[in-house]
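One structure below.
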Amino acid sequence: MHALLHRACAFAACLVLSAMPAATLAAEEAAKLLKIGFAETDITPEPGMEKPGGYGKAFVKTVQDPCKVRAAVFDDGTKRVALVGVDALIIRRQTTLEARRQIQQRCGIPGDAVLIGASHSHSSGPTGMILPGEFDHADDFVKSLAYEKSSCADAKYLQRVVEQIVEAVCQADEKRAEAVCGVGSGLENQVAFNRRFRMKNGRTFTHPGKRNPDIAEAAGPIDPEVGVVGAWDSKGKLLGCVVNYACHATCGASGFSANWIYYMEQVVRGALGQDVVVVFLQGDCGDITQVDNLSPYPNVDGPIVGGRIGAEAVKTLLSMHRGAMGPLDARTKILDIGHRVPTPQRVAECRELVKKEPKEVGATEWTFAKEIVLLDALLKKDVVEEVEVQAVQVGPAVFVTNQAEMFVEYGLELKEKSPFPFTFPVELANGCVGYVPTEEALGEHGGGYETRLTSYSNLEVAAGRKILDASVEMVNAMKPGEAPAPAEIPPVTTPWTYGNVPPEVK
């Protein structure tokens, strides 16, 4: 294990040993406790499978650390909701719907009350990009571009992911027991950076290169909040927690890996118990990574990124008040969102271009031309995208989903407009519609590969605003619960006798 991770775990463990037990279950607890269960299952890919994350094929021969499904089920006696984090680049809509169907059939949790979020690990297994059979309607040339030249999901692996999502949720449901809860947020602003920059030429570039002298300023902010919900049994043992943070999982890995999320989990477990289940839900990070383009030094690696986020989660868990935390609620809304459509001339030009070798026309131009051809084929099936927005409430906290790699500005605006004291955006949840940039990023001075038309990213310019508006409307229709807080201590009228003595100088 990385030396920094050892030090972080040791330090956090010392904090636990020296900390006073926080608000244990009181006899006079008036509110009804939630029943909560946690579970995890394994989805580590087999060596030799594809690793999605680019526009071409990439195969991985080894495993660095396990990939998992982690689930939490909350029950207030009236409703049950499930929060599921999957170590995957993306979760396609079909996977979500099938997992929800089986969960509802097997343990009765309504599909709309199940949130399934991908961690966006770029070192995980083949859950995308292209699904088996997705281009079977196209001509042979397009099918060859899709199945032979693009990143593809593996049918057997997708089946396994569905099975393990269902198993994790049902195990968590079976483990439900009365638990005290807490919610809080920390701050980590040293490992996440906006990767888009306004350049002196008036355009915006993604990853312009470290210390590029043509950089004028960062094109956007970050979201440094580490959101945490924790649950403890009656003896004060942490059963599990849910962590929300906004940063691409793009750290280097030597094999299949959960990426920095693995190291975050190791820090939490090193401090608070080796069997703690850490459900991670990715925040809006479409333009946020661990790469600091303004730094003269090498990029931080997975142990540092995950270690710092995990340490902040531990600090937040140690500090939060514990108690009853209801109510629960879950709502969904389906939006019909249009696509940005390439012109017939553009499609024809791209089709001719991809008939040539990438080295002849340039790899980047060839790749984006291939994507235009694939997008054109997809649009022959669907001209409108069904996009789900979901809000899952746990007392004073609400998790609000989108299916996109959503630019961070939307998540920050959602937090500003939400009536909940704890609002946690969750991107790439319940499906995948690719990048959703801001309207400014798609404008005259925008740019960067997130804004290019591809079979992966192609929603209309106003998509982000439509998703945000629906999210705000949804959370404003919900009533936040109260965060746990201990009884206030009455004012002291008799000072400590050692403390109110006058000074002596002789």
Has the range 478-486 got at least one residue that is within 19 Å of GLN282 (Cα to Cα) and modelled with pLDDT of 95 or more? no
Kindly establish whether GLY323 is crowded, with 19+ Cβ neighbours inside 10 Å, closer than 27 Å to GLN403 by Cα and touching a residue at least 12 places away in the same chain (Cβ under 8 Å). no
Looking at the range 439-451, which of its residues are buried (at least 18 other Cβ atoms within 10 Å of the Cβ) and touching a residue at least 40 places away in the same chain (Cβ under 8 Å)? ALA441, GLY446, GLY447, GLY448, GLU450
Of (1) in contact with a strand residue (DSSP E or B) (Cβ under 7 Å, 6 or more places away or on another chain); (2) surrounded by 23 or more Cβ atoms within 10 Å (Cβ to Cβ), PRO484 fails just (2)
Just for the range 24-43: of the residues that are surrounded by fewer than 18 Cβ atoms within 10 Å (Cβ to Cβ) and in contact with a Gly (Cβ under 9 Å, 6 or more places away or on another chain), which one is modelled with the highest pLDDT? LYS32
Pairs returned, first residue in the range 56-75 that is more than 30 Å from VAL229 (Cβ to Cβ), second residue that is in a strand (DSSP E or B) and of a type in the set (D, E, K, R), beta-carbon separation under 9 angstrom, 6 or more apart or interchain, are LYS57/GLU50; ALA58/GLU50; PHE59/GLU50; VAL60/GLU50
Quick check: anything in the range 446-469 under 29 Å from ALA113 (Cα atoms), outside any loop (DSSP other than H, G, I, E, B), among the aliphatic types (A, V, I, L, M) and out of contact with any Asp or Glu (no Cβ under 8 Å at 6 or more places or on another chain)? yes
For the range 227-243, the count of residues that are buried (at least 24 other Cβ atoms within 10 Å of the Cβ) and either without any contact (Cβ under 8 Å) to a residue 60 or more places away in the chain or within 21 Å of VAL426 (Cβ to Cβ) (or both) equals 9
Listed by range, strands (runs of 3 or more DSSP E) wholly within the range 326-431 having at least 3 residues that are surrounded by fewer than 24 Cβ atoms within 10 Å (Cβ to Cβ) and modelled with pLDDT of 95 or more are 328-338, 384-394
Taking LYS315 as the residue in question, decide whether it is surrounded by fewer than 18 Cβ atoms within 10 Å (Cβ to Cβ), under 28 Å from LYS32 (Cα atoms) and in contact (Cβ under 8 Å) with a residue 12 or more places away in the chain. no
SER319 passes all but one of the listed conditions (1) more than 15 Å from GLU225 (Cβ to Cβ); (2) in contact with a strand residue (DSSP E or B) (Cβ under 9 Å, 6 or more places away or on another chain); the exception is number (1)
With the condition kept exactly as written, say whether any residue in the range 90-99 is at pLDDT 95 or above, crowded, with 22+ Cβ neighbours inside 10 Å and in contact with a Pro (Cβ under 8 Å, 6 or more places away or on another chain). yes
The one condition LEU459 fails out of (1) under 30 Å from HIS321 (Cβ atoms); (2) touching a residue at least 60 places away in the same chain (Cβ under 8 Å) is (1)
Does THR401 satisfy the criteria of being among the polar types (S, T, N, Q) and without any contact (Cβ under 8 Å) to a residue 60 or more places away in the chain? no
Does the range 172-193 contain any residue that is touching a Phe, Trp or Tyr at 6+ places or on another chain (Cβ under 8 Å), touching a residue at least 60 places away in the same chain (Cβ under 8 Å) and assigned to a helix (DSSP H, G or I)? yes
Could you tell me whether the range 128-141 includes any residue that is in contact (Cβ under 8 Å) with a residue 60 or more places away in the chain and under 18 Å from the mean Cα position of the chain (by Cα)? yes
Considering each of ASP173, ASP154 in turn, give the residue that is acidic (Asp, Glu), surrounded by 21 or more Cβ atoms within 10 Å (Cβ to Cβ) and under 26 Å from the mean Cα position of the chain (by Cα). ASP173
Kindly evaluate ARG160 against the criterion of being farther than 30 Å from GLU352 by Cα, in a helix (DSSP H, G or I), without any contact (Cβ under 8 Å) to a residue 24 or more places away in the chain and under 25 Å from the mean Cα position of the chain (by Cα). no
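The values are calculated or read from the model by the stated rules, or taken from the named source; none is laboratory data. Since we're looking at a predicted model, the values are computed, not measured. Methodologically, a virtual Cβ is constructed for each residue, glycine included, from the backbone with ideal geometry; neighbour enumeration extends over all protein chains shown.
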